[in-house]
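Scroll down for the structure; my scribbles are underneath it.
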4 protein chains.
Amino acid sequence: MKIGKETVPRTAISTSDEHTIVVRGRNLCAELIGKVSFTDYFHLLVTGRMPDAAGTAVLDATLVAIAEHGLVPSVQASRMTLAAAPDAMQGAVAAGILGCGSVILGASETAGRLFSEIDQRAGSGGDLAEAALAVLGEYRLARRPIPGYGHPLHKERDPRVDALFDVARTCGADLRFVAIAEAVERAIPQVLGKELKLNVSAAIPAVLLGIGFPLAALKGVPILARTAGLIAHLNEELEQSIGFALSYQASREVVYEGDVPRGFGAAH
Amino acid sequence: MKIGKETVPRTAISTSDEHTIVVRGRNLCAELIGKVSFTDYFHLLVTGRMPDAAGTAVLDATLVAIAEHGLVPSVQASRMTLAAAPDAMQGAVAAGILGCGSVILGASETAGRLFSEIDQRAGSGGDLAEAALAVLGEYRLARRPIPGYGHPLHKERDPRVDALFDVARTCGADLRFVAIAEAVERAIPQVLGKELKLNVSAAIPAVLLGIGFPLAALKGVPILARTAGLIAHLNEELEQSIGFALSYQASREVVYEGDVPRGFGAAH
Amino acid sequence: MKIGKETVPRTAISTSDEHTIVVRGRNLCAELIGKVSFTDYFHLLVTGRMPDAAGTAVLDATLVAIAEHGLVPSVQASRMTLAAAPDAMQGAVAAGILGCGSVILGASETAGRLFSEIDQRAGSGGDLAEAALAVLGEYRLARRPIPGYGHPLHKERDPRVDALFDVARTCGADLRFVAIAEAVERAIPQVLGKELKLNVSAAIPAVLLGIGFPLAALKGVPILARTAGLIAHLNEELEQSIGFALSYQASREVVYEGDVPRGFGAAH
Amino acid sequence: MKIGKETVPRTAISTSDEHTIVVRGRNLCAELIGKVSFTDYFHLLVTGRMPDAAGTAVLDATLVAIAEHGLVPSVQASRMTLAAAPDAMQGAVAAGILGCGSVILGASETAGRLFSEIDQRAGSGGDLAEAALAVLGEYRLARRPIPGYGHPLHKERDPRVDALFDVARTCGADLRFVAIAEAVERAIPQVLGKELKLNVSAAIPAVLLGIGFPLAALKGVPILARTAGLIAHLNEELEQSIGFALSYQASREVVYEGDVPRGFGAAH
């Protein structure tokens, strides 16, 4: 069935013949394998160009920062899935990735969009604090949540935020979006009436937009990072399964609020 | 519901308190972010230890070798999924990963199991050629396919194989499993009656087992690598959608082999 | 980790002890198995009550209407996934379901929201045509697409629309949302400057809201229906695999728009 | 890329032109919508023929029997996924389905294969008890688990088993595979040295094979059934989210078995 106008598929990522695999204009076997790191290759794949030293440092730092945070919901979902279907690791990874949504991790992308809006509002030479206040005011008016601020566990600033900002500063990355992220943090009390500290989901776009990483691909960074963490958990799950123990604990105190048939629960 | 005997979940990967995130015994923010590459961190997450220089080189090379190979079936599935559900990149990545199964990519793990069997059969000092012949003979008898040999496009050895073996040799990794993989390649004509060259799915375990990467986690390497390629494709899909064009092309020549009701296809 | 305020899981769907499984207040084995159809059970599971005769007729009709439409993108994605991972049917079904997104099938839910808005705008006794015009005007102003109208293949009204409306009329279901859906169809030329006929994604909420099916669960109806179609396709795929043939056709005419290394494509 | 020999996709399930959608030889709008139940349509989609009355009764009963069993691991995984990504119901359904694997639910298919083997071993007129003992003995020798017997909660026969067998008896379905399933139950103590009662995963193939449902599609039945239950849970999750509460409970008593950096956990 024809859906939409375009019928010829086009891509600029990769082509090949019997002898050569070409990725982003380079010979995979002659120029890339053994010559570039996986992080740099990811940058090349997504953007079409190799990162500079600051780009490598920042991209590595963000991937390391968010790959793993213990038995969070998506890791639990993934381990339960592997316990039920141990032959299909790909299914358990997929189940874990499906939890990288708008509430968790997905905030990286929406925070990136917020920062871009403030960036454009301020323009070159404009005042970031004013632009942040203005855009946050509009979010408030439209009842849109402010993505990337506040954390259930880390009431102070999430420690990963400063670590990421330190990397960006040390390696000489563009710090404009870090400045914007901090302007938002300072503006929040005025707009929302309470403090909400930068969390890692805001720090990620703050440093990645500074190395020119595309806004539309921001959501891919937590997904790639989490995949590494998931594989570690699934390897551990294969050695020592806890998927069903997690599920047992989770449901131990469930309250059933529906009706029961006559006689249910009576002694048998 | 209690399934199995274990009710207390245990993990050795990560823990945290309000101030510190611990991963594999290290302080994430103080010791890892900005200090280790994503590849090394993946190794640490999975194995509990940092790789040596050979380990880094080999793991980077394998991840780069298999991250991308154009519009393969799983990439098509992923791009079609994003075209239909553009708000949920995580869903499109998941759809792509679900194609890392026993026929495609999953062969890395099964080839790894084959090589381990030959390794143990030969023992220290044993003859690899003999052990390869013996184990292949058993596979043949049990009608099990030989995973990791032959490729639909590359009739000669997949060019990525030599690239990966070169990296393993150059960086000083243990080459025992490379030798086993080549022993299998030499034994195949005798067992199957035709030549089948090593493909990349056999080269991956051959080099990774040489750096001590765990057998059970082998399947995770293509999954992580492909996730990087999928994110690049999905970023391109968001800019220039071809998901429906791929589907249109795919179904243009479909032959319907079922019945039709009377009058179907007649002029209206 | 504690996310959000709620720490005690609650559910009203099901509970059990060693002897009895309770679903929505009924004894599964004594009152449901062998006594209710799967369609009625689905209604009970979602809403907590058994449907009346009109409810059964409409829900069956919608599930039948959208379960299958040939080799659409999500079916292709699913069959490619099974070809690559034939041992994991659940993964292939999941890949197919992931294509039930905002562009395809998901329009059922968004069209339902549009109709509810018009319903509330008109109130009891209000004019549906006026309310439809007013709400469509607001969608137009906010540049929101009108979900559920127009179809790539069926330029006239999708034939499934009249079939579903006929069922709703014949079985005596509440027709208010059918009237709203048709009011929208009549209003579209005035608002958009062109005709767009009701498609099946609008007909589904039009008839389902008339039997009191909850708005939030509308998206689940195409998902359940498509799962039936996917299983049929995957059963066929196991007998006669076309997943790779689809992929071959899809990529035969791909245009590579990136650079190539010097010498690529020359005679070897 | 061409994988395999087949390049022309073929299907016998559905075709369409601008006016007519054909499914299994029938006009969808004229012959199916409003005329057949979803259960019968599922049977038609998978097998190409409408079920007889016994077929309808048995298929409905199996779908009802396994659609829902409370907050089992896959439902938890699904609800956690929706809590994290509430915009993508399809992703949460997919995560739940991915838990229909070899350990849970997937046993329906493997039990079906066991029964088919016994059926063929016995042949027409052969002794089922003998054939069951012989085949179970071979499973034992090959250290293969016996799928479909025993249940973590129901130490006696799962109550759904008798309910399903009653339906098969009452509606006049072929009972040969019920007899085989019971022969296996009686043979287990002799082979394994302990009693293991038939559970629902064995009862499903026992009754479905009796209505001619294809062995290869057996795994699809629990998947379709569970999708209905998942949609009910996800609808409840959208009204009253417990995904994060489940995760909180699951991880409350996690034991961390790894190292910690010096000073971790000390008062700050």
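The values are calculated or read from the model by the stated rules, or taken from the named source; none is laboratory data. Owing to the predicted nature of the structure, the values given are computational and were not obtained by experimental measurement. Heads up, the Cβs are rebuilt from the backbone with ideal geometry, glycines too, and the neighbour counts pull from every protein chain shown. Accessible surface areas use protein heavy atoms only, side chains included; no ligands, DNA or RNA. Shrake-Rupley method; radii C 1.70, N 1.55, O 1.52, S 1.80 Å.
Taken as Cα centroids, segment A:191-251 and segment B:71-118 sit 21 Å apart, rounded to the nearest whole angstrom. Amide H contacts for B:G101 (H built 1.01 Å from N in the peptide plane; partners 5 or more residues away or on another chain; cut-off under 5 Å): B:G106. Label-point spacing at B:T170 relative to the other copies reads 2.8, 7.2, 7.3 nm, in ascending order, each point sitting 7 Å out from Cα along Cα→Cβ.
Quarter the surface of the alpha carbon convex hull of segment A:51-251 and you get the mean projected area, 12.4 square nanometres. Beyond 30 Å between alpha-carbons counts as too far, so tell me which of B:K219/D:K5; A:K5/D:K35; A:K194/C:K219; B:K197/B:K219; A:K35/B:K35 fall in that bin. Checking Cα-Cα distances, A:K5/D:K35; A:K194/C:K219 exceed 30 Å. Take the convex hull of the alpha carbons in segment A:192-241; its mean projected area over all directions comes to 5.7 nm².
Between this copy and the others, label points of D:E18 are 4.5, 6.8, 6.9 nm apart in ascending order, each placed 7 angstrom from Cα in the Cβ direction. The GluC sites (Glu not before Pro) of segment C:132-182 meeting both criteria, a DSSP state outside H, G, I, E and B (loop) and at most 15 other C-beta atoms within 10 angstrom of the site's C-beta, are C:E156. Sum up the charges of everything whose Cβ sits under 13 Å from the Cβ of A:S78, counting Lys and Arg as +1 and Asp and Glu as -1, but leave A:S78 out. Around A:S78, the surrounding residues sum to -1. Peptide packing: for A:158-168, B:124-134, A:217-227, the average count of neighbouring Cβ atoms within 10 Å per residue gives the ranking A:217-227, A:158-168, B:124-134, highest mean first. For segment A:51-251, the solvent-accessible area of protein heavy atoms averages 31 Å² per residue (probe radius 1.4 Å; ligands and nucleic acids excluded). What is the interface area between chains B and A, defined as buried accessible area summed over both chains with a 1.4 Å probe, reported in Å² to the nearest 100? About 7200 Å² of accessible surface is lost on pairing. DSSP bridge analysis restricted to the protein assembly as shown gives an antiparallel fraction near 75%, rounded to the nearest 5.
List the residues of segment A:35-49 for which accessible area in the full set of protein chains is at least 50 Å² lower than for the chain on its own; 1.4 Å probe, protein heavy atoms only. Residues of segment A:35-49 that lose at least 50 Å² of accessible area once the other chains are added: A:F38, A:L45. Modelled this way, with points 7 Å down the Cα-to-C-beta line, the labels at B:A53 and B:D17 are 3.9 nm from one another.
The convex hull drawn around the Cα atoms of segment B:32-76, when projected onto a plane and averaged over every direction, covers 4.1 nm². Largest first, the three principal axis extents of the alpha carbons in segment C:157-268 are 72, 44, 26 Å in whole numbers. What the phi angles of segment C:76-92 give under the Karplus curve with 6.51, -1.76 and 1.60, with θ = phi - 60°, is a coupling list of 4, 4, 5, 6, 4, 5, 5, 4, 7, 9, x, 7, 10, 4, 4, x, 5 Hz, glycine and proline written as x. Summing +1 for each Lys or Arg and -1 for each Asp or Glu among the other residues whose beta-carbon sits under 13 angstrom from that of B:A134 gives -3. Once backbone amide H atoms are built at 1.01 Å from N, C:S14 has C:R24 as its partners under 5 Å, excluding neighbours fewer than 5 places away on the same chain. Out of the total accessible area of segment D:134-189 (probe 1.4 Å, heavy atoms of protein only), what percent is carbon and sulfur? Ligands and nucleic acids excluded, carbon and sulfur give 52 percent. Remark: the D:E138-D:L215 segment gains 25.6 nm on full extension, using 0.36 nm per residue and subtracting the alpha carbon distance. Converting phi to 3J(HN,Hα) with the Karplus coefficients 6.51, -1.76 and 1.60 and the offset θ = phi - 60°, segment D:24-38 yields 6, x, 10, 7, 3, 6, 8, 10, 10, 4, x, 10, 10, 6, 4 Hz in sequence order, with x at every glycine or proline.
Loop-located trypsin sites (Lys or Arg not before Pro) in segment B:2-65 (DSSP state not H, G, I, E or B) with no more than 11 neighbouring Cβ atoms inside 10 Å: B:K5. Adding -39500 (n - 2.57) for every DSSP H run of four residues or longer, then dividing by how many residues chain B holds, sets the calculated 222 nm ellipticity at -17000 deg cm²/dmol. Between this copy and the others, label points of B:G193 are 4.5, 7.0, 8.3 nm apart in ascending order, each placed 7 angstrom from Cα in the Cβ direction. Backbone amide hydrogens, once placed in the peptide plane, bring A:I21 within less than 5 Å of A:L28, A:C29, excluding anything fewer than 5 places away on its chain. Quick note on the protein assembly as shown: its Rg to Rh ratio, both from C-alpha atoms and Rh being the Kirkwood radius, is 0.96.
Can you pull the one-decimal nm distance between simple spin-label points at C:E130 and A:R186, each 7 Å off the Cα toward Cβ? If labels sit at C:E130 and A:R186, their model points lie 5.3 nm apart. Listed peptides B:52-59, B:38-45 appear in the order B:38-45, B:52-59 once ranked by packing, highest mean of other Cβ atoms within 10 Å at the front. Note on chain B: GNM, Cα springs under 10 Å; of B:T15, B:T110, B:T81, the largest mean-square fluctuation is that of B:T15.
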